[in-house]
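J.: Below is one structure. I have some questions about it.
The values are calculated or read from the model by the stated rules, or taken from the named source; none is laboratory data. Owing to the predicted nature of the structure, the values given are computational and were not obtained by experimental measurement. As a convention, Cβ positions derive from the backbone with ideal geometry for all residues, glycine included, and neighbour counts pool all protein chains shown.
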Amino acid sequence: MTPNTADTVFQRHANPCVDDVRPYIPGPTSTAIGTRYGFTSDQMVKLSSNEAPLGPSPKVRDAIRQVAGGDDLHRYPSPTMPELRKAAARLHGFTPEQVLLGAGSSDTWPLIVRAFSLAGEDILVTEPSMTSYAEVATLCERRAITLDLTYPFGVDAAAVLRLVTPATRVIFLSSPNNTTSRLIDPAAILEIARGAQDAVVVVDEHYIEAADNYREVSAVNLIPKVGNIIVTRSFSKMYGLAGIRVGYAVGPEDAISRLMKFKAKWNVSVVADAAARAALADEAHLIRNIEMTREGRAFLLDGLRGLSGIQLVPEAQGGFLLFRVLTGSAGDILEQLYKRGIIVRDDLLDGYIRVSVGTPEQNQQFLTALKAAL
């Protein structure tokens, strides 16, 4: 039984930085909304978490079954996962020494902050964006310096550089941005990196595969041109492995070699290793997920443009769209969508709703429900 006391060792010696971090509130589940409004889980259309419309490759499922049926689950995984590092490196034409694996790309962000900054130094982030960047800075006892973006939420290199000071050590950029779906022009990223050469520029490309011509617009192409860029990638989105938790960072060898010393020795499981390698080996499935996402995004954009009472954020390049509710409130619209079995999010930016791209049937169901709700 827990002692009922107002003064515990945990309270006396708690690091005060945690007081500045709000608990993460995940989006609503199909079960919760279904229970509230009388739907079964399979009747719900969940478009709130930017997940791949087709899920993972069948080869991923086969690889997981093989691992589960083997004799190595009680063995520790390799600290370096050499085969997965090689596969990720080949994807970009780099060496394995330029790849750091993590339990999701978010696993690499605190490593970067801790490896290349000291307590009290500055971490520059843009808002709206992943709240995780600022939280990482706070929990690492760095100062989160925020560039607040306004509609239409483009990132201007000059505006970023105006906030750079001698204390700036890491700059987080998200492209496409998680919340707005806006891509950052590679030329702007290069300008920021060259203008802030005493800082590490981290480009989070969680959703890059959904972008048009994503190989050409990826910041990975900038790594050989300038020495202070690290790009983080995820298997959670177009590869469909959000529940597996595996991602990586790619950058100069001297950056990755230092990050390797900060990571947990066994941070990627044997299941995640097998799943990620299988996903990389099935490019045809990746292309199907990408094509369905891009076609669905175009369909939703066309449908949303024809609706009054909303304002679309332009130039969406992620697997999701963001729009502002002009008539009524986003919360009211959200409840109307819930009542029709549609799950989206309205808590990421005040007055806005974010909808993920789903299957063709799900996209149509969303548009029909939104028209009725408006």
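J.: Hey, Ala284 hits all of (1) touching a Ser or Thr at 6+ places or on another chain (Cβ under 9 Å); (2) modelled with pLDDT of 95 or more; (3) farther than 23 Å from Gly104 by Cβ; (4) not in a helix (DSSP H, G or I) but one; which does it fall short on?
T.: (4)
J.: Which condition number does Arg324 fail, the rest of (1) in a helix (DSSP H, G or I); (2) over 19 Å from Leu54 (Cβ atoms); (3) in contact (Cβ under 8 Å) with a residue 12 or more places away in the chain being met?
T.: (1)
J.: Quick check on my filter: what residues within region 348-361 are buried (at least 19 other Cβ atoms within 10 Å of the Cβ) and either among the hydroxyl-bearing types (Ser, Thr, Tyr) or over 20 Å from Gln317 (Cβ atoms) (or both)?
T.: Passing the criteria: Tyr352, Ser356.
J.: Quickly run through region 337-352 and pick out the residues that are hydrophobic (A, V, I, L, M, F, W, C), closer than 17 Å to Pro128 by Cβ and free of Cβ contacts under 8 Å to residues at least 40 places away in the same chain.
T.: Hits for region 337-352: nothing passes.
J.: Can you tell me which condition Pro224 does not meet? The list is (1) under 21 Å from Ala88 (Cβ atoms); (2) in contact with a strand residue (DSSP E or B) (Cβ under 8 Å, 6 or more places away or on another chain), and all the others hold.
T.: It fails just one condition, (2).
J.: Another one. Answer yes or no as to whether Ser329 is among the hydroxyl-bearing types (Ser, Thr, Tyr) and assigned by TED's automatic domain parsing to the domain that holds Thr108.
T.: no
J.: Next up: Among the residues that make up region 178-185, is at least one of them part of a strand (DSSP E or B) and of a type in the set (Ser, Thr, Tyr)?
T.: So far as region 178-185 goes, no, none of its residues is part of a strand (DSSP E or B) and of a type in the set (Ser, Thr, Tyr).
J.: Do you know which residues across region 296-314 are among the aliphatic types (A, V, I, L, M) and in contact (Cβ under 8 Å) with a residue 24 or more places away in the chain?
T.: Leu300, Leu304, Leu307, Ile310, Val313
J.: Right, something else. Regarding Glu51, is this residue more than 22 Å from Leu139 (Cβ to Cβ), under 25 Å from the mean Cα position of the chain (by Cα) and assigned to a helix (DSSP H, G or I)?
T.: no
J.: Please work out which one of (1) out of contact with any Ser or Thr (no Cβ under 9 Å at 6 or more places or on another chain); (2) in the same structural domain as Arg85 (by TED's automatic domain parsing); (3) of a type in the set (Asp, Glu) is the condition Glu291 fails and give its number.
T.: (2)
J.: Of all residues being in contact with a Lys or Arg (Cβ under 7 Å, 6 or more places away or on another chain) and on the phi < 0 side of the Ramachandran plot in region 174-199, which is surrounded by the most Cβ atoms within 10 Å (Cβ to Cβ)? Just the residue, please.
T.: Ranking the candidates gives Pro176 first.
Residue-by-condition table, conditions (1) out of contact with any Phe, Trp or Tyr (no Cβ under 6 Å at 6 or more places or on another chain); (2) under 20 Å from Ala211 (Cβ atoms); (3) touching a residue at least 40 places away in the same chain (Cβ under 8 Å):
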position: Arg294; (1), (2), (3): yes, yes, yes
position: Ala316; (1), (2), (3): yes, yes, yes
position: Glu335; (1), (2), (3): yes, no, no
position: Pro360; (1), (2), (3): yes, no, yes
position: Ala372; (1), (2), (3): yes, no, no
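J.: Whether any residue in region 271-288 is in contact with a Gly (Cβ under 6 Å, 6 or more places away or on another chain) and either surrounded by 22 or more Cβ atoms within 10 Å (Cβ to Cβ) or not small (Gly, Ala, Ser) (or both) is what I want to check.
T.: There is no residue in region 271-288 that is in contact with a Gly (Cβ under 6 Å, 6 or more places away or on another chain) and either surrounded by 22 or more Cβ atoms within 10 Å (Cβ to Cβ) or not small (Gly, Ala, Ser) (or both).
J.: Please verify whether region 352-371 includes one or more residues that are closer than 30 Å to Tyr248 by Cβ and either among the aliphatic types (A, V, I, L, M) or in the same structural domain as Gly154 (by TED's automatic domain parsing) (or both).
T.: So far as region 352-371 goes, yes, one or more of its residues are closer than 30 Å to Tyr248 by Cβ and either among the aliphatic types (A, V, I, L, M) or in the same structural domain as Gly154 (by TED's automatic domain parsing) (or both).
J.: Test each condition in (1) over 17 Å from Ile230 (Cβ atoms); (2) free of Cβ contacts under 8 Å to residues at least 60 places away in the same chain for Asn178 and report the one that comes out false.
T.: The failed condition is (2).
J.: Let me ask something else about it. In region 25-48, is there at least one residue being over 19 Å from Val344 (Cβ atoms) and touching a residue at least 60 places away in the same chain (Cβ under 8 Å)?
T.: No, the conditions are met nowhere in region 25-48.
J.: Now a separate question. Against the definition (farther than 17 Å from Pro176 by Cβ, not in a helix (DSSP H, G or I) and not assigned by TED's automatic domain parsing to the domain that holds Lys237), how does Gly303 come out, yes or no?
T.: Against the criterion (farther than 17 Å from Pro176 by Cβ, not in a helix (DSSP H, G or I) and not assigned by TED's automatic domain parsing to the domain that holds Lys237), Gly303 does not qualify.
J.: Restricting attention to region 270-290, report how many residues are of a type in the set (Lys, Arg) and within 16 Å of Leu100 (Cα to Cα).
T.: Of the residues in region 270-290, 1 are of a type in the set (Lys, Arg) and within 16 Å of Leu100 (Cα to Cα).
J.: Kindly indicate the residue of region 307-321 that is in a strand (DSSP E or B) and not aliphatic (A, V, I, L, M) and also surrounded by the fewest Cβ atoms within 10 Å (Cβ to Cβ) among those meeting that condition.
T.: Filtering region 307-321 for residues that are in a strand (DSSP E or B) and not aliphatic (A, V, I, L, M), the one surrounded by the fewest Cβ atoms within 10 Å (Cβ to Cβ) comes out as Gln311.
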